[in-house]
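The values are calculated or read from the model by the stated rules, or taken from the named source; none is laboratory data. None of these values were measured; they are calculated from a predicted model. Here the Cβ positions follow ideal geometry from the backbone for every residue, glycine too, while neighbour counts run over all protein chains shown. The accessibility values were calculated without ligands, DNA or RNA, using every heavy atom of the protein model including side chains. Shrake-Rupley method; radii C 1.70, N 1.55, O 1.52, S 1.80 Å.
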Amino acid sequence: MSGPSRFRWHGFWRRTQAMLIKEFIQLKRDRVSFVMIVMVPLIQLLLFGYAINTTPRNMPTAVLLQEQTDIGRTILKAMENTQYFKVTRVVITEDEFDQLLKSGDVLFGIEIPAGFERAVRRGDKPAMLVVADATDPVAAGSALTALNQVAQIALQNERGLPMPGGPLFEFRTHARYNPAANTALNIVPGLIGTILTMTMLIFTALSVTREIERGTMESLLAMPITPFEIMLGKIIPYILVGFLQAAIIVAIGILLFGVPIFGSLLLLAALSTLFITANLAIGYTFSTIAQNQLQAMQMSIMFFLPNILLSGFMFPFAGMPKWAQYIGECLPLTHYMRIVRAIMLKGAVLSDLRYDTLALFALMLVAMAIAIKRFRRTLD
Amino acid sequence: MNADAETVIDVEGLTKSFDGRVVVRDLSMKVKRGTICGFLGPNGSGKTTTIRMLCGLLTPDSGHGTTLGFDILTQADEIKRQVGYMTQKFSLYQDLTVRENLELVARIYGVDNPRKAAQDMVQRLGLHGREDQLAGELSGGWKQRLALGACTLPNPKLLLLDEPTAGVDPKARRDFWNEIHAMAADGLTVLVSTHYMDEAERCHEIAYIAYGELLAHGTVDEVIDASKLKTYTVTGDNLTELSGKLMGKPGVDMVAPFGTSLHVSGRDHAALDTTIRPYREDAALHWHESEPSLEDVFIELMSRAKDNFQKEPAPQKETTL
Ligand SMILES: Nc1ncnc2c1ncn2[C@@H]1O[C@H](COP(=O)(O)OP(=O)(O)OP(=O)(O)O)[C@@H](O)[C@H]1O
Ligand SMILES: [Mg+2]
C-alpha cells in the first residue's frame, strides 16, 4: 500500500481517541438515536413481556375422560386453580381429543386414563398425560411449569390415601408441534440477541455512508488518520451503547419476568461485549460497501432476517434442514443464542462455550478485515 | 534544504477522467516554496479535481509527481500530515461546535494540547463568543473562516484552498489575504482557487485552467504578456451598437463592456487595426490602446479553449470511420 511509514502506529491511540470523542459528541446530540437506544429494548421487551404475562390465563383445555372419579376431578380442579387451564371440552374418544388439539380449539389436552384412581390409592404413582400445543412456546411453557406445583398439592386434602414421600402421581407432559421451544425462559435470552443485533447493525451501518453523504468524509480523508483508526473510533462508542442495552434487557428479564441466571453474570457480560462488537463490525462493513444510507439500511435488514429465522430464535436449530444449519453457523446470533441460553438457564462456564466464543471472534475478525479492505481511502 | 525541497508542488502529465470523460488533461505544474499561487478557471474546468489529486484524495489515471517531495501516488499518508486542505463545500461536522471541530483536527494531527490550540485558533479567527455554537448554525462567511482555521491549525507546509473566499464579505476577504501573505512570508506555500480577479492579482503567480487543460501559468504580467493580446479601450456614444458591429470581425477576438467603456482585443494586431480603422475616425468615439486586463486575457483564453474543445471530436470521428 502506501510504503513503509513509521508514523502509522505512532499516535494510533491519540487519533482513535479523537475519532471516539467526536462520535460520542455526535451521539449525544442525536436525540433520536439516543431515545432509540433506551426505548427499543424497553418497548420490545414489554411487548413480548405482555405476551408472557397475559396470554397464559384460562387457556382452553380438553379432557379425555376414561374414568369418572373424585380424584380425577380434584386434580382437574387444582389445575384450573392455577388459572392457566380452563376445561372447555370433555371428550371420551381419542380421535375427538386429537382433533380438538389439531384444530387449535384447545391448547391443552389432559388424559385421565382408566384405573387412575385405583393406581393412586395403591401408591403406584400413575402418570396423567398433559399434551400441549407448543406452537406458542411462551403460552405452553409457563403452564407446563405450573403443573409441578399442582402435582405436589392437588391431593393434600384427600383422605385415605397412602403417604409416601413425594407426590402421589405425576404429569407426563408432551409438547406437540414445537417440542424444543417449550419454555418461556427462552424468550428473554433470545430477545437480548435479536434486539442487540438490530440496533447495533443500524448504528454502524450508517456511520460511513452518512459521512460520505454529508461531505464530511472529504475532510476526514484529507487528514492523517487511517481506516483502522476510523473504524475503531466509530465502533467503540457503540460497544458501550450495546452494553447499556443488554443491561436494560437483562435487568427487565430478571425483575419483571423472573428469568434466572444460573451462570456467571460476568461471563455473560464479557461474551455479550464480544457479540456486540461482532455485530458492530458487520454493520460497519455494510457501510463501507453501500453506496448510500438507504442501501446500507437494506443490507442490514437483509442480514437481520436470516439472523432471526435461522439462529434458533424462531425455530429449534436442530430441527432445521442441514443447509439452513450451515447458514445459521455463519450468523453471530446463532452462537450468541446458545451462549446466553447456556449461561442463563444451564449455568454454563467458558470452557463449555469455547466453540461459540471462537466462532463469534472469527466472525468479528472477518467482518473487520473486509471493512478495512473495502474502506475507500480516496474519493475515486 | 536542497534545491528540490524548494519545489513544493511538482507534477507532470496529470490526467483524470470520470465515466470516460476527461476532466483534467495532461496537467503539469511547479510551485515553489513560499509562493501564493492563484488557481483560476471557469466552473467545471477541473480545479477541485486537480487539488484533490495533489493531496492524494484522487488517484490520477496517468501522470506522476510530488507534493512536498512525497510521491502523490504512493505517499498520500505523508502528504496528508503536512498539507492543509480546505474543501470547496463546507466539510466540517455541522453537529459539532466550533471548538469541538477544531479540537478534533488538533487531536488527529497530534498537536500538543489540542484544547489550547483550538482556543488560540478561535481567538485568531475572531470567533470568540461563538466557540460553543454548532458549526452548522454559523453563517456562510463564518463557516468559511472556521474551515480555514481548521486547515491552518496543524501548521501545514502547504495550503490547498478551494474557493476559500466564496461568499465572504470584502473586509473579511482582505483580512484573509493579509493573513495568507503573512504566512507565505514565513515559508508557507499556498495554492488557492478563486473566481475573483482582484484576488488573482494578489497572488504571486497564477495558473489558469479551462476544460481540464492548464492554459497559462506565471506572474500576472507574464500571463498578460504571453497572451499577445492587443487591447483598445473605447469610450463614447453608441457603444452597444459598436460592439455588435465589431463582434466576430477579422482580428477581433473579444469585445467586452467594462463599465462605461468597451474593451476590444485581438491577438492578430494587424488584422485588428485594419478592422477598427473606419471606427477610429468616428468623432463620437474615443479610442486608446491599453494594457489588457487579466479578465480580458482569461475570457480570451477560455473562448479559445472552448473552440479547441468543441473542434476536438471531429478528427477523432474521421479516424474511426
Ligand atoms: N466524482 C466525480 N464524478 C463524476 N464527475 C465528476 C466528479 N468530480 C468532478 N466531476 C466532473 O469533473 C468536472 C470538473 O469538476 P471540478 O469540480 O474539478 O471543477 P471546478 O473547476 O472545481 O469547478 P467549480 O469552479 O465549479 O468548482 C465537472 O464537469 C464535474 O462534473
Ligand atoms: Mg471546484
For this session: Go through segment B:81-97 residue by residue and tally those that are crowded, with 23+ Cβ neighbours inside 10 Å, farther than 14 Å from B:Val11 by Cβ and more than 16 Å from ligand 1 (Cβ to nearest atom).
Result: 2
Seminar exercise, completed: Sole miss for B:Leu242 among (1) farther than 16 Å from B:Leu161 by Cα; (2) not in a helix (DSSP H, G or I) is condition (2)
Exercise. Within 16 Å of ligand 2 (Cβ to nearest atom), within 14 Å of chain A (Cβ to nearest Cβ) and open to solvent by 30 Å² or more (accessible area, probe 1.4 Å), is that true of B:Lys16?
Worked result: no
Problem set entry | Where a residue in segment A:100-124 is open to solvent by 10 Å² or more (accessible area, probe 1.4 Å) and its partner, wherever it lies, is of a type in the set (Asp, Glu) and assigned to a strand (DSSP E or B), with Cβ under 6 Å and at least six apart | A:Leu107/A:Asp133
Exercise. Taking segment A:201-223 only, how many residues are facing chain B (nearest Cβ under 9 Å) and not in a helix (DSSP H, G or I)?
Worked result: 2
Problem set entry | Answer residue from segment B:182-195, given it is out of contact with any Lys or Arg (no Cβ under 8 Å at 6 or more places or on another chain) and part of a loop (DSSP other than H, G, I, E, B) and is surrounded by the fewest Cβ atoms within 10 Å (Cβ to Cβ) among those | B:Asp186
For this session: Could you tell me whether segment A:284-306 includes any residue that is under 24 Å from A:Leu232 (Cα atoms), open to solvent by 50 Å² or more (accessible area, probe 1.4 Å) and within 16 Å of ligand 2 (Cβ to nearest atom)?
Result: no
Exercise. Counting just the residues of segment B:67-80 that are part of a loop (DSSP other than H, G, I, E, B) and more than 7 Å from chain A (Cβ to nearest Cβ), which one comes out surrounded by the fewest Cβ atoms within 10 Å (Cβ to Cβ)?
Worked result: B:Leu73
Seminar exercise, completed: Only one of B:Leu153, B:Leu138, B:Leu125 is away from ligand 1 (no atom under 16 Å from the Cβ), within 29 Å of B:Thr50 (Cβ to Cβ), within 13 Å of chain A (Cβ to nearest Cβ) and not acidic (Asp, Glu), namely B:Leu153
For this session: Would you point out which residue out of B:Ser227, B:Ser290 is open to solvent by 20 Å² or more (accessible area, probe 1.4 Å), touching a residue at least 40 places away in the same chain (Cβ under 8 Å) and polar (S, T, N, Q)?
Result: B:Ser290
For this session: For segment B:81-107, name all the residues that are more than 28 Å from the chain's Cα centre (by Cα) and at the interface with another protein chain (Cβ under 7 Å from one of its Cβ atoms).
Result: B:Asp95, B:Leu96, B:Glu100, B:Leu104, B:Arg107
Exercise. Could you list, in sequence order, the residues of segment B:196-224 that are open to solvent by 20 Å² or more (accessible area, probe 1.4 Å), in contact (Cβ under 8 Å) with a residue 24 or more places away in the chain and part of a helix (DSSP H, G or I)?
Worked result: B:Met197, B:Val220
Seminar exercise, completed: Of the residues in segment A:66-76, those that are out of contact with any helix residue (DSSP H, G or I) (no Cβ under 8 Å at 6 or more places or on another chain), in a helix (DSSP H, G or I) and free of Cβ contacts under 8 Å to residues at least 60 places away in the same chain come to A:Arg73, A:Leu76
Exercise. Counting only residues that are in contact with a helix residue (DSSP H, G or I) (Cβ under 9 Å, 6 or more places away or on another chain) and open to solvent by 50 Å² or more (accessible area, probe 1.4 Å), how many does segment A:14-29 have?
Worked result: 5
Seminar exercise, completed: Within segment B:36-66, residues β-branched (Val, Ile, Thr), away from ligand 2 (no atom under 13 Å from the Cβ) and crowded, with 19+ Cβ neighbours inside 10 Å come out as B:Ile36, B:Thr66
Exercise. Residues in segment B:67-76: is at least one in contact with a Phe, Trp or Tyr (Cβ under 9 Å, 6 or more places away or on another chain), away from ligand 2 (no atom under 16 Å from the Cβ) and at pLDDT below 95?
Worked result: yes
Problem set entry | Candidate set: segment B:169-194, residues that are out of contact with any Asp or Glu (no Cβ under 7 Å at 6 or more places or on another chain) and within 16 Å of ligand 1 (Cβ to nearest atom); chosen: the one nearest to the other protein chains (Cβ to nearest Cβ) | B:Leu191
For this session: Determine whether A:Met344 is surrounded by 14 or more Cβ atoms within 10 Å (Cβ to Cβ) and of a type in the set (A, V, I, L, M).
Result: yes
For this session: Restricting attention to segment B:155-172, report how many residues are buried (at least 20 other Cβ atoms within 10 Å of the Cβ) and either under 23 Å from B:Leu138 (Cβ atoms) or among the polar types (S, T, N, Q) (or both).
Result: 9
